[in-house]
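J.: Could you have a look at this structure, given as C-alpha coordinates, before my questions?
The values are calculated or read from the model by the stated rules, or taken from the named source; none is laboratory data. Bear in mind that the values here come from a model prediction, so they are computed numbers and not experimental data. Backbone-built Cβ (ideal geometry, glycine too); neighbour counts: all protein chains shown. Keep in mind that these areas ignore ligands, DNA and RNA; they rest on the heavy atoms of the full protein, side chains included. Shrake-Rupley method; radii C 1.70, N 1.55, O 1.52, S 1.80 Å.
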Amino acid sequence: MKGLLTKDFLTVKKKYGIARLIMDLAIIAALMIILEGAGSIYISFLLVPLEIASMIITLANSDEQWKWSKYAVALPLSKKQIVTSRYAFAGIGAVIGLCVALVVNTISYFCFPAYRYGFYLFLSVASFCIVLLFLAFILPSNYWMGVNAGFAVMFILIILLVVLGIWSKVTDNAIMGFIVEHFDLSMAIGFIGVLVLFAISYILSVALFKKKYCLLYTSPSPRDMRRSR
(Lines give C-alpha, C1' and ligand atoms only; values in the text may rest on other atoms or scores of the structure.)
Protein backbone atom coordinates (compact mmCIF):
# COMPACT_ATOMS: atom_id res chain seq x y z
CA MET A 1 0.00 0.00 0.00
CA LYS A 2 3.01 2.27 0.50
CA GLY A 3 3.66 2.03 -3.23
CA LEU A 4 0.09 3.15 -4.02
CA LEU A 5 0.48 6.19 -1.78
CA THR A 6 3.80 7.02 -3.45
CA LYS A 7 2.10 6.78 -6.84
CA ASP A 8 -0.63 9.20 -5.72
CA PHE A 9 1.89 11.71 -4.35
CA LEU A 10 3.95 11.59 -7.54
CA THR A 11 0.80 12.03 -9.65
CA VAL A 12 -0.27 15.11 -7.69
CA LYS A 13 3.27 16.50 -7.89
CA LYS A 14 3.29 16.03 -11.67
CA LYS A 15 -0.20 17.44 -12.24
CA TYR A 16 0.16 20.45 -9.90
CA GLY A 17 3.82 21.30 -9.56
CA ILE A 18 5.42 24.36 -8.00
CA ALA A 19 3.37 26.74 -10.16
CA ARG A 20 0.09 25.65 -8.53
CA LEU A 21 1.63 26.04 -5.07
CA ILE A 22 2.77 29.58 -5.85
CA MET A 23 -0.68 30.41 -7.24
CA ASP A 24 -2.39 29.11 -4.09
CA LEU A 25 -0.06 31.12 -1.86
CA ALA A 26 -0.75 34.22 -3.96
CA ILE A 27 -4.53 33.68 -3.63
CA ILE A 28 -4.20 33.25 0.14
CA ALA A 29 -2.12 36.43 0.45
CA ALA A 30 -4.56 38.38 -1.74
CA LEU A 31 -7.59 37.25 0.27
CA MET A 32 -5.88 38.12 3.55
CA ILE A 33 -4.91 41.60 2.29
CA ILE A 34 -8.19 42.48 0.55
CA LEU A 35 -10.69 40.91 2.97
CA GLU A 36 -8.54 41.28 6.11
CA GLY A 37 -10.19 39.38 8.96
CA ALA A 38 -12.84 37.76 6.75
CA GLY A 39 -10.13 36.34 4.47
CA SER A 40 -9.37 33.45 6.81
CA ILE A 41 -13.04 32.39 6.71
CA TYR A 42 -13.07 32.19 2.90
CA ILE A 43 -9.75 30.36 2.88
CA SER A 44 -10.85 27.86 5.53
CA PHE A 45 -14.33 27.16 4.19
CA LEU A 46 -13.82 27.46 0.42
CA LEU A 47 -10.23 27.48 -0.79
CA VAL A 48 -8.86 24.65 1.36
CA PRO A 49 -11.77 22.20 0.77
CA LEU A 50 -11.78 23.04 -2.95
CA GLU A 51 -8.05 22.41 -3.36
CA ILE A 52 -8.06 19.09 -1.46
CA ALA A 53 -11.16 17.88 -3.31
CA SER A 54 -9.66 18.86 -6.67
CA MET A 55 -6.56 16.80 -5.88
CA ILE A 56 -8.68 13.71 -5.25
CA ILE A 57 -10.63 14.30 -8.46
CA THR A 58 -7.35 14.78 -10.35
CA LEU A 59 -6.17 11.40 -9.07
CA ALA A 60 -9.43 9.75 -10.11
CA ASN A 61 -9.20 11.38 -13.54
CA SER A 62 -5.60 10.19 -13.97
CA ASP A 63 -6.61 6.66 -12.95
CA GLU A 64 -9.32 6.64 -15.62
CA GLN A 65 -7.01 8.00 -18.32
CA TRP A 66 -4.24 5.54 -17.53
CA LYS A 67 -6.61 2.58 -16.90
CA TRP A 68 -4.84 2.31 -13.57
CA SER A 69 -7.58 0.45 -11.71
CA LYS A 70 -7.46 -2.48 -14.16
CA TYR A 71 -3.74 -2.78 -13.50
CA ALA A 72 -4.09 -2.25 -9.75
CA VAL A 73 -6.49 -5.19 -9.31
CA ALA A 74 -3.84 -7.43 -10.89
CA LEU A 75 -1.33 -6.49 -8.18
CA PRO A 76 -0.87 -8.70 -5.09
CA LEU A 77 -3.16 -6.37 -3.16
CA SER A 78 -6.78 -6.76 -2.18
CA LYS A 79 -9.40 -4.39 -3.56
CA LYS A 80 -9.91 -3.18 0.00
CA GLN A 81 -6.24 -2.20 0.25
CA ILE A 82 -6.46 -0.28 -3.03
CA VAL A 83 -9.42 1.76 -1.76
CA THR A 84 -7.77 2.16 1.66
CA SER A 85 -4.68 3.73 0.07
CA ARG A 86 -6.83 6.36 -1.66
CA TYR A 87 -8.66 7.14 1.59
CA ALA A 88 -5.31 7.31 3.40
CA PHE A 89 -4.11 9.85 0.82
CA ALA A 90 -7.37 11.78 1.27
CA GLY A 91 -6.86 11.77 5.04
CA ILE A 92 -3.29 13.05 4.65
CA GLY A 93 -4.60 15.78 2.36
CA ALA A 94 -7.21 16.73 4.96
CA VAL A 95 -4.53 16.98 7.66
CA ILE A 96 -2.40 19.18 5.38
CA GLY A 97 -5.47 21.36 4.80
CA LEU A 98 -5.95 21.59 8.57
CA CYS A 99 -2.34 22.77 8.98
CA VAL A 100 -2.80 25.39 6.25
CA ALA A 101 -6.04 26.62 7.83
CA LEU A 102 -4.37 26.73 11.26
CA VAL A 103 -1.47 28.82 9.95
CA VAL A 104 -3.80 31.20 8.09
CA ASN A 105 -6.11 31.62 11.09
CA THR A 106 -3.17 32.17 13.45
CA ILE A 107 -1.85 34.93 11.16
CA SER A 108 -5.35 36.41 10.99
CA TYR A 109 -5.58 36.39 14.80
CA PHE A 110 -2.37 38.38 15.19
CA CYS A 111 -3.01 40.75 12.26
CA PHE A 112 -6.79 41.22 12.61
CA PRO A 113 -7.67 40.21 16.20
CA ALA A 114 -11.45 40.51 15.98
CA TYR A 115 -12.11 37.41 18.12
CA ARG A 116 -10.40 35.24 20.70
CA TYR A 117 -7.90 32.66 19.46
CA GLY A 118 -10.34 29.87 20.28
CA PHE A 119 -12.60 31.09 17.48
CA TYR A 120 -9.77 30.79 14.96
CA LEU A 121 -9.00 27.30 16.23
CA PHE A 122 -12.67 26.49 15.65
CA LEU A 123 -12.40 27.76 12.05
CA SER A 124 -9.43 25.45 11.47
CA VAL A 125 -11.20 22.39 12.85
CA ALA A 126 -14.36 23.31 10.94
CA SER A 127 -12.29 23.53 7.74
CA PHE A 128 -10.95 20.02 8.43
CA CYS A 129 -14.50 18.72 8.92
CA ILE A 130 -15.70 20.34 5.69
CA VAL A 131 -12.83 18.72 3.78
CA LEU A 132 -13.77 15.30 5.18
CA LEU A 133 -17.42 16.00 4.36
CA PHE A 134 -16.53 16.82 0.74
CA LEU A 135 -14.38 13.70 0.41
CA ALA A 136 -17.01 11.49 2.05
CA PHE A 137 -19.35 12.24 -0.87
CA ILE A 138 -16.81 12.61 -3.70
CA LEU A 139 -14.87 9.36 -3.22
CA PRO A 140 -17.85 6.95 -3.41
CA SER A 141 -19.14 8.91 -6.41
CA ASN A 142 -15.83 8.33 -8.18
CA TYR A 143 -16.00 4.59 -7.51
CA TRP A 144 -19.67 4.43 -8.49
CA MET A 145 -19.99 6.46 -11.71
CA GLY A 146 -16.50 7.78 -12.43
CA VAL A 147 -14.68 11.08 -12.13
CA ASN A 148 -17.48 13.12 -13.73
CA ALA A 149 -19.81 12.13 -10.90
CA GLY A 150 -17.21 13.17 -8.34
CA PHE A 151 -16.79 16.54 -10.04
CA ALA A 152 -20.57 17.05 -10.11
CA VAL A 153 -20.81 16.22 -6.39
CA MET A 154 -18.02 18.70 -5.58
CA PHE A 155 -19.78 21.41 -7.59
CA ILE A 156 -23.09 20.75 -5.79
CA LEU A 157 -21.41 20.81 -2.37
CA ILE A 158 -19.73 24.15 -3.14
CA ILE A 159 -23.08 25.64 -4.17
CA LEU A 160 -24.71 24.34 -0.98
CA LEU A 161 -21.87 25.80 1.10
CA VAL A 162 -22.22 29.20 -0.57
CA VAL A 163 -26.01 29.14 -0.14
CA LEU A 164 -25.55 28.22 3.51
CA GLY A 165 -23.17 31.14 3.98
CA ILE A 166 -25.60 33.56 2.31
CA TRP A 167 -28.50 32.25 4.40
CA SER A 168 -26.43 32.63 7.56
CA LYS A 169 -25.61 36.23 6.65
CA VAL A 170 -29.26 37.03 5.87
CA THR A 171 -30.36 35.59 9.21
CA ASP A 172 -27.68 37.63 11.04
CA ASN A 173 -25.33 34.65 11.48
CA ALA A 174 -27.91 32.44 13.17
CA ILE A 175 -25.78 29.35 12.61
CA MET A 176 -22.70 30.96 14.14
CA GLY A 177 -24.77 32.23 17.05
CA PHE A 178 -26.05 28.72 17.78
CA ILE A 179 -22.51 27.33 17.62
CA VAL A 180 -21.23 30.00 20.02
CA GLU A 181 -24.05 29.31 22.49
CA HIS A 182 -23.58 25.53 22.30
CA PHE A 183 -19.89 25.42 21.41
CA ASP A 184 -18.84 22.14 23.04
CA LEU A 185 -21.96 20.29 21.87
CA SER A 186 -21.65 21.64 18.32
CA MET A 187 -17.97 20.70 18.10
CA ALA A 188 -18.57 17.18 19.41
CA ILE A 189 -21.59 16.48 17.19
CA GLY A 190 -19.97 17.98 14.10
CA PHE A 191 -16.60 16.27 14.49
CA ILE A 192 -17.94 12.84 15.44
CA GLY A 193 -20.68 13.05 12.81
CA VAL A 194 -18.19 13.79 10.02
CA LEU A 195 -15.86 10.99 11.13
CA VAL A 196 -18.76 8.51 11.14
CA LEU A 197 -19.86 9.71 7.70
CA PHE A 198 -16.29 9.35 6.40
CA ALA A 199 -16.13 5.78 7.77
CA ILE A 200 -19.46 4.92 6.09
CA SER A 201 -18.13 6.45 2.88
CA TYR A 202 -15.08 4.17 3.08
CA ILE A 203 -17.20 1.05 3.56
CA LEU A 204 -19.42 2.06 0.64
CA SER A 205 -16.42 2.75 -1.62
CA VAL A 206 -14.91 -0.66 -0.88
CA ALA A 207 -18.23 -2.34 -1.74
CA LEU A 208 -18.62 -0.32 -4.97
CA PHE A 209 -15.03 -1.02 -6.08
CA LYS A 210 -15.37 -4.75 -5.43
CA LYS A 211 -18.72 -4.89 -7.24
CA LYS A 212 -17.37 -2.98 -10.25
CA TYR A 213 -14.44 -5.31 -10.85
CA CYS A 214 -16.30 -8.48 -9.94
CA LEU A 215 -18.81 -7.64 -12.67
CA LEU A 216 -16.01 -6.71 -15.06
CA TYR A 217 -14.21 -10.02 -14.74
CA THR A 218 -17.26 -12.27 -14.47
CA SER A 219 -19.22 -10.84 -17.41
CA PRO A 220 -18.98 -13.04 -20.52
CA SER A 221 -16.98 -11.68 -23.41
CA PRO A 222 -18.57 -11.28 -26.89
CA ARG A 223 -16.49 -14.27 -28.07
CA ASP A 224 -17.90 -16.46 -25.28
CA MET A 225 -21.42 -15.32 -26.11
CA ARG A 226 -20.94 -16.32 -29.75
CA ARG A 227 -19.68 -19.72 -28.67
CA SER A 228 -22.70 -20.23 -26.44
CA ARG A 229 -24.93 -19.74 -29.45
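J.: Considering only protein heavy atoms and a probe of 1.4 Å, how much of the accessible area of the chain is carbon and sulfur, as a whole percent?
T.: 73
J.: Give the angle, between 0 and 90 degrees and rounded to the nearest 10, that separates the Cα long axis of helix 2-35 from the longest principal axis of the Cα atoms of the chain.
T.: The angle comes out at about 30 degrees.
J.: Right, next: Per 0.36 nm of contour for each residue apart, how much would the distance between I192 and K70 grow if the chain were fully extended, relative to their Cα-Cα spacing?
T.: That pair, I192 and K70, stretches by 40.4 nm at full extension.
J.: Taking the chain as the reference, fit the longest principal axis to its C-alpha atoms, fit the long axis of helix 79-111 to the helix C-alpha atoms, and give the angle between the two in degrees, 0 to 90, nearest 10.
T.: 10
J.: I'd like the orientation of helix 183-218 relative to the chain: the angle between its Cα long axis and the longest Cα principal axis, in ° from 0 to 90, rounded to 10.
T.: Its long axis makes an angle of about 20 degrees.
J.: State, to one decimal in nm, how far the label point of A88 lies from the label point of L185, with both points 7 Å from Cα in the Cβ direction.
T.: 4.0
J.: A further question on this structure: Please list the radius of gyration and Dmax for the chain, considering alpha-carbon atoms only, with Å as the unit.
T.: 20.4, 77
J.: Just to confirm the filter: which trypsin sites (Lys or Arg not before Pro) across segment 16-89 are DSSP coil and have at most 14 other Cβ within 10 angstrom of their Cβ?
T.: Values: sites: R20, K67, K70, K79, K80, R86; in loops: K67.
Taking segment 16-89 and a limit of 14 other Cβ atoms within 10 Å, the loop trypsin sites (Lys or Arg not before Pro) found are K67.
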